[in-house]
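Asker: The following block contains the structure, expressed as structure tokens.
The values are calculated or read from the model by the stated rules, or taken from the named source; none is laboratory data. Nothing here was measured: the structure is a model prediction, and the numbers come from that model. Here the Cβ is made from the backbone with ideal geometry for all residues, glycine too, and neighbour counts use every protein chain on show. Quick note on the areas: whole protein, heavy atoms, side chains included, nothing else; ligands and nucleic acids left out. Shrake-Rupley method; radii C 1.70, N 1.55, O 1.52, S 1.80 Å.
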Amino acid sequence: MQYRKLGSSDLEVSVVAMGCWALGGDEDFWGPVDDNESIAAVQQALDLGINLIDTAAAYGVGHSEEIVGKAIAGRRDEAVIATKCGLVWKDKTSPKTRCLKRDSVIRECESSLRRLRVEAIDLYQIHWPDPETPIAETMEALVKLREQGKIRAIGCSNFGCELMSEARRYGPLECLQPPLSMLSRDSCEELLPYCLEYNMGVICYGPMARGLLTGKFDASSTFTDLRKNDVNFSGEQFARNLSLVESLRPIAEKYGRTLSQLALRWVIQQPGVTSAIAGAKRASQVRENSGAGDFEISPEDMMDIETLLTE
């Protein structure tokens, strides 16, 4: 497994990160999940050198964090824990709302520390912007938490360049978490160059396009989870995507890798990217994902992939 320094922080993270959204048990999104399998999956990640474990308070209204906490018990020094704040709820049946007010952020952090069973969160990220709260107020809370030793680094997710610049006026912003895959490349245009310029780490989510780039679907596939409303999984767009996946297959085979590993590696090799988050809820999926952490796609093949993506 390869490792990279996360921006200007003192954190060193694996180029493949384990995504823990599914561990929250949100069946409408990812189908059924077994807690024992989830714990085994996180422990498998640590065994394989995947040290970056990415979760969020909102995943399963805290359940994902609880599972991560159980999984890393006795192995805290092997894990870099990244979680998020800013999506809050009144109870398990109520919708989540955005809130980045000072007191709410501090309260959320305390709850996450308790669920994760840790004294400090390595990377604490703003999950989504909150247009109702000045970013100065949010950053004040995050800086205070860092000064208290409750978090080690401050990050954000789903921010644009302008909002990141505003946030950086009030404290150190050391990481961005944007979407990036072969099918969703907007982040390459402005966000990655921005983070390179200001020495910010980048941890990308969605590198396998909700499983579309894994090669496990065909024209007869149907979907009952969150993919059922995704245009990439229906009609002519789905057919074009399946054709692209088949065009990528010979490149993956050239390296003795799976399509999943090729898709992950392509993201990892984008300029400015620190790590790619691969979601998993079983140990077998983690083993598959880890194969993206120890090979290189040649410049020639990266160019061939670019040609396929722009045809």
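Asker: Could you please report the charge total around Arg102, scoring K, R as +1 and D, E as -1 over all other residues with beta-carbon less than 10 angstrom from its beta-carbon? Could the numbers behind the result be given before it?
Answerer: Numbers: positive: Lys101, Arg107, Lys144; negative: Asp103, Glu137, Glu140.
Here the count lands on 0.
Asker: Once the Cβ-Cβ distance between Arg76 and Gln269 is put in as r, and R0 is 30 Å, what FRET efficiency do you end up with, to the nearest 0.05?
Answerer: On the way: r = 30 Å, r/R0 = 1.02.
Once rounded, the FRET efficiency stands at 0.50.
Asker: Can you tell me the accessible area per residue over region 124-227, all protein chains present, probe 1.4 angstrom, in square angstrom? Intermediate results must be reported in sequence, preceding the final value.
Answerer: Details: 4550 Å² over 104 residues.
Ligands and nucleic acids excluded, the result is 44 Å² per residue.
Asker: Only one of the values (i) 19.2; (ii) 15.2; (iii) 18.3 was calculated from this structure for mean projected area of the Cα convex hull in nm²; name its label.
Answerer: Checked against the structure: label (ii).
Asker: Compute the long axis of helix 235-254 from its Cα atoms, compare it with the longest principal axis of the Cα atoms of the chain, and write down the angle in degrees, 0 to 90, nearest 10.
Answerer: Here the helix axis deviates by roughly 80 degrees.
Asker: Here's something else I'd like to know. For Cys85, what residues show an amide H to amide H distance below 5 Å, using hydrogens built from the backbone and excluding near sequence neighbours?
Answerer: Gln125, Ile126, His127
Asker: To continue, here is another question. Reported to two decimal places, what Rg/Rh ratio describes region 168-251 when computed on Cα atoms with Rh from the Kirkwood expression? Intermediate results must be reported in sequence, preceding the final value.
Answerer: Values: Rg = 16.3 Å, Rh = 14.8 Å.
Ratio of gyration radius to Kirkwood radius for region 168-251: 1.10.
Asker: Ok, one more. GNM on the chain, C-alpha springs below 10 Å: top fluctuator among Pro179, Pro95, Pro271?
Answerer: It is Pro95.
Asker: Once amide H atoms are built 1.01 Å from N in the peptide plane, which residues 5 or more positions from Ile151, or in another chain, come under 5 Å H to H?
Answerer: The list, which skips near neighbours in sequence, is Ile121, Arg146.
Asker: Once you list every other residue whose beta carbon is under 13 Å from the beta carbon of Arg168, what net charge do they have if Lys and Arg are +1 and Asp and Glu are -1? All intermediate terms of the calculation are to be shown ahead of the outcome.
Answerer: Values: positive: Arg169; negative: Glu162, Glu166, Glu174, Glu197.
Around Arg168, the surrounding residues sum to -3.
Asker: Then there's this: Whole Å is fine, so just give me how far the alpha carbon centre of region 1-71 lies from that of region 133-197.
Answerer: So the separation of the two Cα centres works out to 20 Å.
Asker: Based on the alpha-carbon set only, what is the convex hull volume of region 213-266 divided per residue, in Å³? It would help to have the intermediate numbers written out before the result.
Answerer: On the way: hull volume 4.4 nm³, N = 54.
Normalising the Cα hull of region 213-266 by residue number yields 82 Å³.
Asker: Counting DSSP beta bridges with both partners in the chain, what percentage is antiparallel, nearest 5?
Answerer: On the way: 6 of 32 bridges.
Given both bridge residues lie in the chain, the antiparallel proportion sits at roughly 20 percent.
Asker: With the other protein chains left in place, how much accessible area per residue, in square angstrom, belongs to region 11-53 at a 1.4 angstrom probe?
Answerer: On the way: 1570 Å² over 43 residues.
With the other protein chains kept in place, region 11-53 gives 36 Å² per residue.
Asker: State the percentage of accessible surface on region 1-112 attributable to carbon and sulfur atoms; use a 1.4 Å probe and exclude ligands, DNA and RNA. Please list the in-between numbers first.
Answerer: Numbers: 2230 of 4680 Å².
Of the solvent-accessible surface of region 1-112, carbon and sulfur hold 48 percent.
Asker: In whole Å, what are the Cα extents of region 67-156 along the three principal axes, biggest one first?
Answerer: 40, 34, 17
Asker: Output ³J(HN,Hα) for region 181-186: one whole-Hz value per residue in order, computed from phi by the Karplus curve 6.51 cos²θ - 1.76 cosθ + 1.60 with θ = phi - 60°, and x for Gly and Pro.
Answerer: Residue by residue, region 181-186 yields 7, 4, 9, 9, 10, 4 Hz.
Asker: Give me the dipole magnitude in Debye, nearest 20, for the chain about the Cα centre, with unit charges on the beta carbon: positive for Lys and Arg, negative for Asp and Glu. Mind dumping the intermediate values first?
Answerer: Values: 35 positive and 46 negative charges, 153 e Å.
With Lys and Arg at +1 and Asp and Glu at -1, about 740 debye.
Asker: For Asn158, what residues show an amide H to amide H distance below 5 Å, using hydrogens built from the backbone and excluding near sequence neighbours?
Answerer: Gln177
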